[in-house]
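One structure below.
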Protein chains: 4
Amino acid sequence: MKKNNKSLKETCYRCNMMLPESGLVIHTFGNVSVADRERKLFAIKPSGVSYAKLKPEDMVIVDFDSQLVEGNLNPSSDTKTHAFLYKNWGNIEGIVHTHSTYAVAWAQAQKDIPMLGTTHADHLATDIPCTTIMSDDMIGGDYEYQTGVQIVECLLERNLSFGEIEMILVAGHGPFTWGKTAEKAVYNSIILEELARMAYLTLQINPAVPRLKDSLIRKHYERKHGLQAYYGQKKSKQ
Amino acid sequence: MKKNNKSLKETCYRCNMMLPESGLVIHTFGNVSVADRERKLFAIKPSGVSYAKLKPEDMVIVDFDSQLVEGNLNPSSDTKTHAFLYKNWGNIEGIVHTHSTYAVAWAQAQKDIPMLGTTHADHLATDIPCTTIMSDDMIGGDYEYQTGVQIVECLLERNLSFGEIEMILVAGHGPFTWGKTAEKAVYNSIILEELARMAYLTLQINPAVPRLKDSLIRKHYERKHGLQAYYGQKKSKQ
Amino acid sequence: MKKNNKSLKETCYRCNMMLPESGLVIHTFGNVSVADRERKLFAIKPSGVSYAKLKPEDMVIVDFDSQLVEGNLNPSSDTKTHAFLYKNWGNIEGIVHTHSTYAVAWAQAQKDIPMLGTTHADHLATDIPCTTIMSDDMIGGDYEYQTGVQIVECLLERNLSFGEIEMILVAGHGPFTWGKTAEKAVYNSIILEELARMAYLTLQINPAVPRLKDSLIRKHYERKHGLQAYYGQKKSKQ
Amino acid sequence: MKKNNKSLKETCYRCNMMLPESGLVIHTFGNVSVADRERKLFAIKPSGVSYAKLKPEDMVIVDFDSQLVEGNLNPSSDTKTHAFLYKNWGNIEGIVHTHSTYAVAWAQAQKDIPMLGTTHADHLATDIPCTTIMSDDMIGGDYEYQTGVQIVECLLERNLSFGEIEMILVAGHGPFTWGKTAEKAVYNSIILEELARMAYLTLQINPAVPRLKDSLIRKHYERKHGLQAYYGQKKSKQ
């Protein structure tokens, strides 16, 4: 399906509205972007506009260098983070940033979300990474751009692939998720919040519980995402 | 009332939809099956289809050996677990699997839910059992079938009857419940989630609280389920 | 306003329905009764009937000795507890029993809810009492009647007045509340649940926090309930 | 826009109704006032009237010395606290008091809400202050007036400006927020509750987590509120 600016804005609007509908954001918090990789541009929520007043035509279109392409409003203050990720990671077409409560709590606690059960393993095969706190140099520089750098480098340092790990916590800040479509990126934000909540409760009940063992992680991850995946209706990777 | 494939699918659809309505599942998580014990087959949710798009005719009918009887979609990836339970346990006509938050937290914590109050004793007279983590052999074999084996064996080892204990936690995974009807199995999933939440909060408030004493457990369990039961409107075992 | 059986049943139905509407109960849990003190009888929810199916005409009328006066269904299994309280305490016209989550957690934890803030002091001037666990003799006797005995004795032992303390936790079981009207009794159940939740969170944040000091308790309690009360629109003691 | 008594009452009613809609209050808890600084008066919720029954014409108008200007009902019992704040702090036109659960829990725990993440820093650059418990003298005097005194003095002692810190916890009691408009004051109450909840969860996950570092606080606070603010659609301070 051919993407034009109008359809891009509409998808972007629709996916942004999923955030308050899922209880992930209040007021103006959070933002979703949707990319057209061919034309190297993306639509993103305008900055500081509350969801209650948002309209499809308010979406702003910028290129992968964060330059304005179309729109009357300022794009999200996190635009440079999105742009950096699109530029560095081929293939992804949606990015979501929220301040969902449990994911933020883990980010503020500066802890990876440990792999404790199969709900987690159904979605990714590792702990959910939390970056380190950003250095003063990076904060003092181009902050939102550096947030993108920080995310890309965190995965690199841990040898993780953005195609398999579609979610991260930025320490002291909150979650970013992405996906092959914007819908998948939103889905990942919803799942991340639930995994964050389950892990929180699990450790309150039993602080000594070990990480889920590897054979069980692989089993659940592979039955959904492996070459022999048998979950769902097709051999699609969902 | 005679059951045919159509009525089986409709009951199955209706009971599956109770899960998101009760807040027990999001997206595609969870599944309910409904059995016709006479014909030795059951209807079950298709795999990976979200509740928002589910239709009665999507339900899949398989026999107690998990062989397809009727349906255009793949049955739930947990079908073999359901089949094993129906085959081994006479009498039950409904099975439910969810990833409800508090029950999953206890399963991930790898702990039985202790008997701490009369809300619990109104429904079962023992702790809610949590299996051990599955062995690598079983995981590497026919995983979903082995999950059924694990559930049946856990009750056997503890000398518990599936007619009295209609709920279990699979360690690292989540809850399964069952019942004489699918509606009762769904009811048990809702109750389990509430018992899991109450036990969690109780132990946060007072980690040293002892198990409820036996005389009180028996009193509450018997007034609802005993031969002299006087709770409710008839001598039915509810 | 003259009360007859019909109006008693209607009030009782309406007040019972407030419980699921306020999120205090699920399924068949909980019950509200409404008394006509002049005629020494009360209407109460029938046993084991779910709120979704409840009708005004289902309410059962019994006297203060728990003898059936009017109704086709069995009264709540907790009827004898209600009857004992009405018989022993003049003045109260409504009693509520729920299994609301946080209040049950404190009851299961077998702890009084400590006085930690002015929201609590706005409603009562003491900790919310939790009984001891019932003795085996009492459990083996007339259990629901003995629950009433236990509640009355707990207040007596602590020198508390049922006119000032309109809520209690029965250890290992859950909350009972009462009031000069059934509406007030329901209101007390809602407040109790919120106080239980606030106290839980407070002690999680600061386990060492002291009880609220007496001068502040008296100030808040008296401005709502004292002779010089100035809260609200009249010198009513609500 | 010229304010008259009628428009003041309507704004006041509308902002009061935002409290139950946002889940911040139940029953009669909480109150919002809206000031006309030119005429030195404000509209406030009547005392002890439940939100379910509230009407715009019920709002009461009093002056900055708490003297009745217009209205048939008693003003909120907290009126003198509001009046003291309006009188001492130029510029603010709205004040909100709630008993929202997590903010109350921190107030009852008698702890400042520590600065743990950027969601917090987006709104204020310091911990959220909690006063000390009021002295017996102040409680025994004009209690609600003294609550205002306590709030003003707490900010003074800590060298905080009411223009930058628009929220406070009164120890053992609960939160007050304010703003240049009543809508902003309500917004601040919603944000405070969310920050209180996030901080609670963060410390449960990692009790040893340090305060967010200063460079990150300044960055987030300044991008929204500084002279070079670039968040949102205009250089307004939101």
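The values are calculated or read from the model by the stated rules, or taken from the named source; none is laboratory data. Everything quoted here is computed from the prediction, not taken from an experiment. Here Cβ is always computed from backbone atoms with ideal geometry, including for glycine, and neighbour counts include all displayed protein chains. Ligands, DNA and RNA are stripped out before the accessible areas are found, and what is left, the full protein with its side chains, is counted by its heavy atoms. Shrake-Rupley method; radii C 1.70, N 1.55, O 1.52, S 1.80 Å.
The 3J(HN,Hα) values that the Karplus relation (6.51, -1.76, 1.60; θ = phi - 60°) gives for segment D:92-99 are, in residue order, 6, 10, x, 9, 10, 10, 10, 10 Hz. Gly and Pro appear as x.
Spatial offset of segment C:100-163 relative to segment A:9-31 amounts to 46 Å, using the alpha carbon center of each.
Calculated from DSSP H runs of 4 or more alone, at -39500 (n - 2.57) each and per residue, what is the 222 nm mean residue ellipticity of the protein assembly as shown, nearest 500? If you can, show how the numbers build up before the last one.
Details: 32 runs with 384 residues, N = 952.
-12500 deg cm²/dmol, from helical runs alone.
Approximating the spin labels as points 7 Å out from Cα along Cα→Cβ, the C:Arg158-to-A:Asp136 distance works out to 5.5 nm. A point 7 Å from Cα along Cα→Cβ stands in for A:Lys180, and the other copies hold the same point at 4.8, 4.8, 6.8 nm, listed in rising order.
Take segment B:119-169, drop everything but the C-alpha atoms, weight them equally and run the Debye formula without solvent; then report log10 I(q)/I(0) at 0.16, 0.27, 0.29 Å⁻¹ to two decimals. With no solvent term, the Cα-only Debye profile gives -0.49, -1.03, -1.13. Relative to the current alpha-carbon distance between C:Lys6 and C:Gln228, full extension at 0.36 nm per residue lengthens the span by 76.1 nm. Note on chain A: GNM, Cα springs under 10 Å; of A:Trp106, A:Trp89, A:Trp178, the largest mean-square fluctuation is that of A:Trp89. By the rule of a C-alpha distance below 20 Å, with chain neighbours fewer than 8 residues away ignored, the lysines paired with C:Lys3 are C:Lys40, C:Lys45, C:Lys55, C:Lys87, C:Lys180, C:Lys184. Comparing D:Ile165, D:Ile61, D:Ile205, which has the greatest mean-square fluctuation in the GNM of chain D with Cα pairs linked when under 10 Å apart? Fluctuation is largest for D:Ile205.
Have a look at the DSSP beta bridges in the protein assembly as shown and tell me what percent are antiparallel, nearest 5. It would help to have the intermediate numbers written out before the result.
Details: 96 of 100 bridges.
Approximately 95 percent, going by the DSSP bridge assignments.
Oblate is the label for the protein assembly as shown, because a/c, from the alpha-carbon gyration tensor with a ≥ b ≥ c as root eigenvalues, is 1.5 or above and a/b does not exceed b/c. Relative to the dominant Cα principal axis of chain C, helix C:5-21 is inclined by about 50°. Scalar couplings 3J(HN,Hα) for segment D:32-42, obtained by applying the Karplus form with A = 6.51, B = -1.76, C = 1.60 to θ = phi - 60°, are 10, 10, 10, 9, 10, 5, 4, 8, 6, 8, 8 Hz; x denotes Gly and Pro.
Based on Cα contacts under 8 Å between residues 6+ apart, chain B shows a relative contact order of 20 percent.
Nearest 20 debye, what's the magnitude of the dipole of segment D:163-222 about its Cα centre given +1 on Lys and Arg Cβ and -1 on Asp and Glu Cβ? Let's see the in-between values first.
Values: 7 positive and 7 negative charges, 38 e Å.
Using Cβ point charges on Lys, Arg, Asp and Glu, segment D:163-222 gives about 180 debye.
Which of rounded, prolate or oblate describes segment B:103-238 when judged by the alpha-carbon gyration tensor and an a/c cut-off of 1.5? It comes out oblate by the Cα gyration axes.
The simple spin-label model puts a point 7 Å past each Cα toward its Cβ; for A:Arg218 and A:Lys55 those points are separated by 5.6 nm. Close amide H pairs (under 5 Å, H built 1.01 Å from N) link A:Asn74 with A:Ser47, residues at least 5 positions away or on another chain. In nanometres and ascending order, the distances from the D:Asn5 label point to those of the other copies are 5.4, 5.4, 7.6 (point 7 Å from Cα along Cα→Cβ). With label points set 7 Å from Cα along Cα→Cβ, the inter-copy distances at A:Ser135 are 5.2, 5.2, 7.3 nm, sorted shortest first. For C:Gly179, nonlocal amide neighbours, meaning residues 5 or more places apart or on other chains whose placed amide H falls under 5 Å from its own, are C:Glu93, C:Gly94, C:Ala185.
Residue of chain D with the Cβ closest to the rotation axis carrying D onto A, and that distance rounded to whole Å: D:Gln204, 5. The phi torsions of segment C:169-180, fed into the Karplus equation with coefficients 6.51, -1.76 and 1.60 and a -60° offset, translate into couplings of 10, 8, 4, x, 10, x, x, 10, 10, 8, x, 5 Hz, rounded to whole numbers, with Gly and Pro shown as x. The overall shape of segment B:183-226 is oblate: from the C-alpha gyration tensor, with semi-axes ordered a ≥ b ≥ c, the ratio a/c is 1.5 or greater and a/b is no larger than b/c. Derived value for segment D:5-225: Kirkwood hydrodynamic radius 17.6 Å. Basis is the mean of 1/r over every pair of different alpha-carbon atoms.
With the Kirkwood sum run over all distinct C-alpha pairs, segment A:81-144 has a hydrodynamic radius of 14.2 Å.
Using C-alpha pairs under 8 Å with a sequence gap of at least 6, the mean separation divided by the residue count of segment D:137-238 gives a relative contact order of 10 percent. What segment D:5-225 shows is 34 Å² of accessible area per residue, with the surface traced by a 1.4 Å probe over protein heavy atoms.
In chain B, the longest principal axis of the Cα atoms and the axis of helix B:182-205 are about 40 degrees apart.
Quick one: pull the percentage of alpha-carbon pairs in segment D:28-108 with a separation above 17 Å. Don't skip to the answer; put the middle values down first.
On the way: 1454 of 3240 pairs.
For segment D:28-108, the fraction of Cα-Cα distances above 17 Å is 45 percent.
Compared with the dominant Cα axis of chain D, that is its longest principal axis, helix D:79-88 is turned about 70°.
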